[in-house]
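Notes follow once the structure below has been shown.
Where a number appears in this text, it was derived from the coordinates with a stated rule and is not lab data. Computed from a predicted model, the values in this text were never measured in an experiment. Cβ atoms come from the backbone with ideal geometry, glycine included; neighbour counts cover every protein chain shown.
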C-alpha cells in the first residue's frame with residue numbers, strides 16, 4: 001500500500017489526475033437473484049431462473065438514486081470495481097463508474113445484472129440461466145430446448161431484480177452495445193421507470209444488415225462437428241467454432257486503425273515466410289487473433305452465444321410495428337453516444353433512433369465518441385464523455 | 001430481331017443512349033493456354049498448368065493495342081460480352097468494355113485470363129489449375145499439396161499467355177478488387193510492360209486488418225467436417241462451410257444501404273415469428289443470404305477459396321520490403337477508383353498506394369466511386385467513370 005501511495009504521489013507530478021480511489025479500489029461482490037418461474041416474451045416458461053447482479057454505491061432511503069447499467073454481448077454485470085483489491089483488472093466501465101466519477105457512486109446506487117444466456121457461462125463469477133443450465137423437467141442441460149429469449153426478457157428479469165430490492169423507478173439506465181438495446185428497451189417498454197437513458201455504441205433496432213451480420217457469428221459454431229445440434233454437454237464442446245465466432249466478433253468490434261497498430265507490434269508483413277511456404281501456416285496477425293479468441297473461449301458457452309445472437313437479432317425497442325411507432329411511448333430524455341469509427345453498429349444506427357425520438361418531439365441528444373478502436377471505443381474509451389454523462393445525470 | 005430494333009427505337013425517345021451493340025452483342029469464347037511447367041514465387045513447380053482466357057476486339061499488327069483485365073476474387077476471365085447471343089447475362093464489366101464503350105473494343109484488344117485456383121473451378125466455362133486439379137505425380141487431385149500461389153504468380157501466368165500471342169507490352173492493365181492487386185503487381189514487377197494502370201476498389205498491399213479479414217473467409221471451410229483437411233474429392237464436399245464463407249464475403253462486399261433495401265423487399269422485421277419462436281429458424285434476410293450463397297457455391301471449390309484467400313493475404317505489389325519501396329519501380333501513370341462506401345477494401349487502402357506513388361514522384365490520380373453497394377460498386381456501378389477511363393486510356 002505504501003508503495004502504491006508513493007507511486008500515486010510521484011504520478012501526480014506528471015499526470016493531471018491520480019484519483020484517491022486508485023488507492024482504495026471500489027469493491028463489489030456478485031449476488032444471486034432467483035425466480036421460481038419466468039414467462040418469456042415468446043410465451044415459454046423458464047423455471048428456477050437465476051441471474052447474478054452486483055452494485056456500487058448505496059441505495060438511499062427513498063430508493064430513488066438507482067442507475068442501472070446494462071452490459072454488452074461478451075460482458076457480465078461486472079461493470080466497475082474489483083471483487084478483491086488484488087484483482088488484475090476492474091469492471092469494464094470503471095473509468096466512469098466510482099466515487100467521484102461520471103457515474104458517481106457517492107451519489108448513486110449503481111446496479112447491473114448478468115444477462116440470461118450470458119456468454120461467459122463458465123466463468124465462476126457469472127450467474128446466468130441459459131441453454132447450459134439444467135432443465136428441471138429433464139435433469140439435463142437444456143441445449144436447444146431452452147426458449148428463445150429477447151432483449152425485452154433481459155429487461156424484464158432486471159425489473160424483477162430491482163423490484164426484489166423495493167425499487168420502483170430508476171434515476172437512469174445506461175449501457176453499451178447490447179446494453180444500449182436494453183437501455184432503450186427499458187425507456188420504450190417501461191417509460192414510467194426511466195427518466196434518463198444513455199445509449200452508448202447503440203441502436204434502436206436490428207436492421208437487416210445487423211441481423212445478417214449477427215448471423216455470421218452463429219454460423220461457425222453450428223459448423224463445428226462437436227456442436228452436435230447443441231447437445232455437447234457430455235462430450236467435447238465446439239471450441240473451434242466458438243473461437244472462430246470470437247475471431248469475427250473481435251475484428252468487427254475493432255477498426256483497421258487499431259488492428260494495424262497491433263500488426264506493427266507483431267512485425268506483420270504480407271509476405272511472411274510461413275504462410276508463403278505452406279497453406280497450413282498463418283500470418284502473425286491471424287495467430288494473434290486466434291490465440292486471443294481461444295483464451296476467451298475457455299469461459300464461454302457456444303449455445304449461449306447462439307441465444308445472445310438471436311436476442312440481438314430480435315431487437316426492436318418497445319416491440320412496436322416500427323421504430324418510429326415504438327419511440328412514442330418514451331418519456332426519458334435520451335443521450336446517444338455512438339463511436340465515430342464503429343464498423344459493427346455504425347453511427348447511423350444510433351442516429352436513426354435519435355431521429356425517431358426527435359420526430360416524436362422527445363428530448364434527445366447525439367454526440368460521437370472519438371477513437372481508433374471502433375465499436376470498442378464505447379467500452380474502453382469513455383472517459384472523454386465523463387463530463388457530459390455527469391451533467392446529463394444531474395439534470 | 002425486328003422487335004428488338006423497334007424496342008430500341010422506342011427507348012431512344014426516352015433514354016439518352018441505346019447503343020447499337022445492344023442489338024448485336026459482343027461475343028467471345030473461352031480459350032485454353034497450357035504450360036508444361038511453371039515455377040511459383042515460393043519455388044514450387046506446377047506441371048501441365050492450364051488456364052482459360054478470353055478476348056474482345058482485335059490485336060493490331062503492331063500488337064500494341066492490348067488492355068489486360070484482371071478479375072476479382074469470385075470472377076473469371078469473362079469480363080465482357082456473351083458466349084452465345086442468348087446468354088442471360090454478359091461479363092461483369094460489360095458496361096465499360098465493348099465497341100464504343102469506355103474500354104473500346106473497336107480500338108483495343110482486350111484480354112483477360114482465368115486465375116490460378118479460380119474459385120469457380122466447377123463452372124464448365126472456367127479453365128484453371130489449382131488444388132482440385134489432378135497432380136500429375138499422383139494421378140489424384142492436389143488438395144493441400146498444391147503449392148501456395150501469390151498474386152504475382154497470377155501475373156506471371158498472364159505474362160506467359162500474352163507472350164504466347166507475341167505481345168511484349170500492354171497499353172494498360174485494369175482490374176477490380178483482387179484484380180486491382182494484379183494490376184498494381186504488373187506495374188511494380190514489370191514496369192516496362194505497363195504504361196497505364198487502373199486500380200478499381202483496390203489496394204497496394206494487404207495490411208494486418210485485411211489479412212485477418214480474409215482469414216475469416218477461410219475459417220468456415222476448415223470447420224466443415226466434410227472438408228477433411230482438403231481431401232474431399234472422392235466424398236461429399238464441404239458445401240456448408242463454403243456457403244458460410246460466401247455469406248460472409250457477400251455481406252462484406254456490400255453495404256447496409258443496399259442490404260436494408262433488400263430487407264425491405266423481403267418485408268424484413270426484427271421480430272419475425274419464426275426466429276422468435278424457434279432457435280432453429282432464421283430471419284428472412286438470413287434465408288435470402290443463405291440461399292444466394294448455396295446457389296453460388298455449386299460451381300465453386302472450397303480449397304480454391306482457401307488458396308485465393310492466401311494469395312490475397314500475401315499481397316504486396318512488387319514484393320518489396322514496404323509499399324513505399326515497391327512503388328519506386330512503377331513507370332505507369334496510375335488511376336485509383338475506390339468506392340466511397342466500400343467496407344471490404346476501404347478507400348484508405350487505395351489512398352495509401354496512391355500516396356506512396358505520389359511520394360515517389362509518380363503520375364497518379366485518385367477518384368471515388370459513388371453508390372449504395374459498397375465494394376460491389378466497383379463491379380456493377382462503373383458506368384459513372386466511363387469518360388474518365390476513356391480519357392485516361394487515350395493519353
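Worth pointing out:
- Ratio of the Cα radius of gyration of chain B to 2.2 N^0.38 Å, where N counts its residues: 1.00
- Antiparallel DSSP beta bridges within the protein assembly as shown, as percent of all bridges there, nearest 5: 40
- Averaging the Cα positions of each part gives two centres, and for region B:367-382 and region A:99-130 these lie 44 Å apart.
- Per-copy distances of the residue B:365 label point, shortest first, in nm (7 angstrom along Cα→Cβ): 4.8
- Short-range pairs are left out: with C-alpha atoms under 8 Å and at least six residues apart, the relative contact order of region A:214-304 is 32 percent.
- Distance between region B:248-297 and region B:151-228 - C-alpha centres, whole angstrom: 31
- Just checking the listed ones, B:178, B:197, B:247: in the Gaussian network model of chain B with Cα springs under 10 Å, the one fluctuating most is B:247.
- Residue among A:222, A:280, A:365 with the largest mean-square fluctuation in a Gaussian network model of chain A, springs linking Cα atoms under 10 Å: A:280
- Highest-first packing order for the peptide set B:107-119, A:84-96 is B:107-119, A:84-96, based on the mean count of other beta carbon atoms within 10 Å.
- Averaged over the residues of B:136-148, the number of partner chain Cβ atoms lying within 10 Å of the residue Cβ comes to 1.
- Note on residue A:231/residue B:24: beta-carbon distance plugged into 1/(1 + (r/R0)^6) with R0 of 56 Å gives a FRET efficiency of 0.35.
- Inter-chain neighbour count for A:222-230: the average number of beta-carbon atoms from partner chains within 10 Å of each residue's beta-carbon is 3.
- Pairs of alpha carbons in region A:45-171 separated by more than 26 Å make up 25% of all such pairs.
- Teacher prompt: residue A:324 distances to equivalent labels in other copies, 7 Å Cα→Cβ, nm: 5.2
- Debye equation applied to the C-alpha atoms of region B:131-194, log10 I(q)/I(0) at 0.24, 0.29 Å⁻¹: -0.96, -1.19
- Remark: relative contact order (chain B) = 18 percent; criterion is Cα-Cα distance under 8 angstrom and separation of 6 or more residues.
- In chain A, helical runs assigned H by DSSP with n ≥ 4 each contribute -39500 (n - 2.57); averaged across all residues and rounded to the nearest 500, the mean residue ellipticity at 222 nm is -10500 deg cm²/dmol.
- Starting from the label point of residue A:395 at 7 Å along Cα→Cβ, the same points in the other copies fall at 5.5 nm, in ascending order.
- FRET efficiency for residue B:160 and residue B:292, using Cβ-Cβ distance with R0 set to 45 Å, rounded to 0.05: 0.80
- With the simple model of a label 7 Å out from the Cα in the direction of the Cβ, residue B:145 to residue A:322 spans 6.2 nm.
- Paramagnetic label zone (point 7 Å from Cα along Cα-to-C-beta, residue A:264; backbone N under 20 Å) in region B:195-209: B:204-209
- Share of pairwise Cα separations in region A:214-304, more than 20 Å, in percent: 44
- Choice from A:191, A:176, A:131 with maximal GNM fluctuation in chain A (Cα, 10 Å cutoff): A:191
- Semi-axis lengths, Å, the protein assembly as shown, gyration tensor of Cα atoms, sqrt of 5 times eigenvalues: 51, 27, 27
- Using a cutoff of 8 angstrom between alpha carbon atoms and counting only pairs six or more residues apart, the relative contact order for region B:23-150 works out to 27 percent.
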